Structures are given as C-alpha cells and as structure tokens.
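To start, the structure under review is shown below, and the notes come after it.
The values are calculated or read from the model by the stated rules, or taken from the named source; none is laboratory data. Note that the coordinates shown come from a computational prediction; the quantities given were computed from them, not determined experimentally. Virtual Cβ from ideal backbone geometry, glycine too; neighbours counted across all protein chains shown. Heavy atoms of the whole protein, side chains included, go into the accessibility calculation; ligands, DNA and RNA do not. Shrake-Rupley method; radii C 1.70, N 1.55, O 1.52, S 1.80 Å.
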Amino acid sequence: MSPRLSLTLLAAAMVVGGCEPITLAKQELPLEVEDVDERMTPWGPCEGGWQTRTVLPLGTKANPDFGLDADGHAYFLEYGDDLLRVVTTRPGRRLEKVPWMGMYPWIGGVRVDAQGEVHLAVSPQFQDGSASVPTYFFRSSQGAWLSERLVSGWVHDFDMDAQGELHALTVMPIGNYPMRLIHGPPEALVTDEPFAVLQNRDRMHSMRVDDKGHAHVVYQFTGLPRTSSIQYATNASGSWVTEQIAPEGTFPLIAVTPSGTPHVVWNVGGDVWLGVRRAEGGWDVSPTGISGGSPGSMTVSDSGEVHLLDDLGQNLNHWVRSARGWEKTTLSVAGEDAFAMPFSASHLELDARGRVHAIYALVIETELNGEPRVLKRFDYSRQCP
C-alpha cells in the first residue's frame, strides 16, 4: 500500500468515526483585525517571498480544494456529519450553512465567479453502489443558497471557465465506471454522454478548462493484466478525443494555460514526470527531478510556468519550472509531533496577479482526554502581496 493511499484511508477512517470538530485549548486563536473566521490566525510575516496562516485549527474536517475571488481571497469547504459550509478569508464575509442532506460528501471543488458569487459541486457517498448517484451544484445568491441536482455519478473535479460556465467531471460507480462531463451556465446545466470508461472507481483523474470553455481531462486507465496507462481526453474540437500520454503511470494531475495548452504530471516508479502537449499534436515528456511519490497539486501560469506542491515528506515544498529550470521553496516544516506522513490534501491556485496560493492539511499525533489521537489542521501559504 502506498503512503498516499494509506493516508487517504486514515482520513476516511477519521470521517467514519463521526467525531465533531475539536478545538484544543492550546489552539485557541485570536481574531485578526480584519473580520474573518475567529479560528484563523493572522497572516505571518513575509519570509522568502511567502507568508502563512492557519485557517482551521486541529480537529477540523475540511477540503482544501479552494477557489479564489477576483481580489485573491480564498473560499473552501468545511464539513462534518451534518455540516457543509464555505469558509472564506475575505474580510467581513460570512456565508450561511449549505443546505446539505447530512451525508459525508465527495467534493468536486469551489469556484468564485466575476460577481463574487460562490459555486460548489458535491455528491453524497452512498455505500451500496447505487446507480442513482446525484451531483449537487450549489451557488450563493444574495445571501441564500440555490441548487441544481443532476444524476450523473460521483463528482471528481470541478472548474469554471472565463464565461462563468461550470464544468464538472463525474464517474458513475457501476459497470465499467463511465466518466462524463456536466457543463453549462449554473441555471441550465447539461450532462454529456460518457467519453471514457475507467474499469475501476479510483479517484485517479483530473480536469481543468481553458478560457474558451474546453475541458481537458487526464486519467489513469487500468487495463489487463493490471497495467495502468496515462490517458488524456478533450472536447476542444467539438467532440471528445482521447489519446495516450504514457504507457504506464499513476496519480496523474492536469493544469491548463488560459489559451488551452495542457500540462500533465504523473508518477512512474516513484519519479514524477511532466508532459506538455504540442500544438501540432503529441507530447513533450521530461523528468521533473522530484521523487518519492506524486505531487499533491499542480497549476500553470499564463506564461507557462509550472507550479507543483510536493507534500510527500516532512517538508512541504513548492516547485516551479521556469526558464531557469526547476526551483524549490520549502513552505512548511512538520514539527516533532507530526504524523509519519504529515502533509496531505494539498491544493494550489494562482490569483489574477499571478501569485501562488496553497492550502494544505497538517496531520498531528496528540493526546485528547488522555487518549492518543491523530488530528488535522489546515494551513494556508501564499506569495506575499
């Protein structure tokens, strides 16, 4: 079992336990001068071009797949057994609890449109292999939550294009696990026919859209005899086209420039490789020099700079590939009380000014009421304003 998979199972076990969010006394945090969630710390000092804050303290359940508004403020989801709400770092903005049915959700993601309204896509995690798995699309409107419900499968990724249209990647957990795209304006979403089958229900796929609203998908296809190849699919031509990027690999991630150039990373034998699609077709593939597993997140700038977040060791590292090659910056160092694999569930975004933002979980072993516990907190690092 891979370290990444074992940590995923640990997180799932924590959810099944049904514990309520816990705030330890030593983690009680002051309210910043700006009016944000009282559990957040102020931004730390700018060191090496980065600053950090804690956004949710130990014992919290959350998903750091976040969205940024036009001013670079983050929005992400906190959840529990009967809780789903959006937490934001934007001063003075609090959002009402999302009207959720009470099941632990599969989270596609969060996006913020040009008017500052928040959009999210979530699915309930049924345990019976139901063929009627819905995806719920919530959007904030004048302080209230509106929703659309489509039966298409578990939502695995979520994005918004430059026109404000939504795109969600879903997988039906039956048969050959068909993969579909839901897309359109929030009030008129449509579901496409399946464009690929996966043969398994693993969440080893990733989607982003470009400024023209074209979807770009990378996925791990498991064939027989148990070989895993890296596949790419896009509807940029008006219909779905698929092609193979690499004959073997696992844990692919995709990022796309606004003009539509896909960049893909994946793992082969513990080493991370990067593929960039050429305009005339085919892929330029090269090693990143990162080893030990797969990056936690990836994004790419307008100029083609590739950003990776490496959450595999005791240090959380940000990597960027520019004209100078690959360069690394350490954003966080786990303390002595950290778990064996302390960082998890990391996510990257770029704001409108090109600054990098990262939210990630830090897993810590501690005692609670005399009993050993493994708890998570969520930290947030960004390039200095």
Translational D (Stokes-Einstein, µm²/s) of segment 40-142 at 37 °C and 0.692 mPa s when Rh comes from the Kirkwood sum over C-alpha pairs? 218
Starting from the amide H of THR60, placed 1.01 Å from N in the peptide plane, find each other amide H under 5 Å away whose residue is 5 or more places distant or on another chain. ILE22, LYS376
The chain, accessible area per residue, ligands and nucleic acids excluded (1.4 Å, Å²): 43
Taking Lys and Arg as +1 and Asp and Glu as -1, residues besides SER141 with C-beta under 13 Å from its C-beta add up to -4
Cα principal axis extents for segment 293-349, largest first, Å: 40, 20, 18
Cα-based equivalent ellipsoid of segment 225-292: semi-axis lengths in Å, sorted from largest, via gyration tensor: 22, 15, 9
Surface share of carbon and sulfur [accessible, 1.4 angstrom probe, percent] for the chain: 49
Can you tell me the length gained on complete extension of the stretch VAL151 to SER291, counting 0.36 nm per residue apart and subtracting the Cα distance? 46.5 nm
Below 8 Å, C-alpha to C-alpha, sequence gap of six or more: please give me the relative contact order for the chain in percent. 11
In whole Å, how far is the Cα centre of segment 49-73 from that of segment 99-167? 19
Starting from the Cα gyration tensor of segment 97-231, multiply each eigenvalue by 5, take the square root, and state the resulting semi-axes largest first in whole Å. 26, 18, 11
Using the Cα atoms of the chain, I'd like the radius of gyration and the largest Cα-Cα distance, Dmax, both in angstrom. 19.8, 63
Principal semi-axes in Å for segment 238-385 [√(5λ), Cα gyration tensor, largest first]: 31, 18, 14
Mean-position separation - Cα centroids, segment 321-345 and segment 200-242, in angstrom: 28
Env charge @ LEU308, Cβ radius under 14 Å, K,R +1 / D,E -1, value -4
So for the pair VAL374, SER322, with labels modelled 7 Å out along Cα→Cβ, what separation do we get in nm? 3.8
Kindly write out, for segment 348-361 in residue order, the coupling ³J(HN,Hα) from the Karplus curve 6.51 cos²θ - 1.76 cosθ + 1.60 (θ = phi - 60°), rounded to whole Hz, with x marking Gly and Pro. 10, 9, 10, 8, 5, 9, x, 7, 8, 10, 9, 10, 7, 9
Scattering curve values for segment 91-164, log₁₀ I(q)/I(0), Debye with Cα scatterers, q = 0.18, 0.20, 0.21, 0.24 Å⁻¹: -0.74, -0.89, -0.96, -1.17
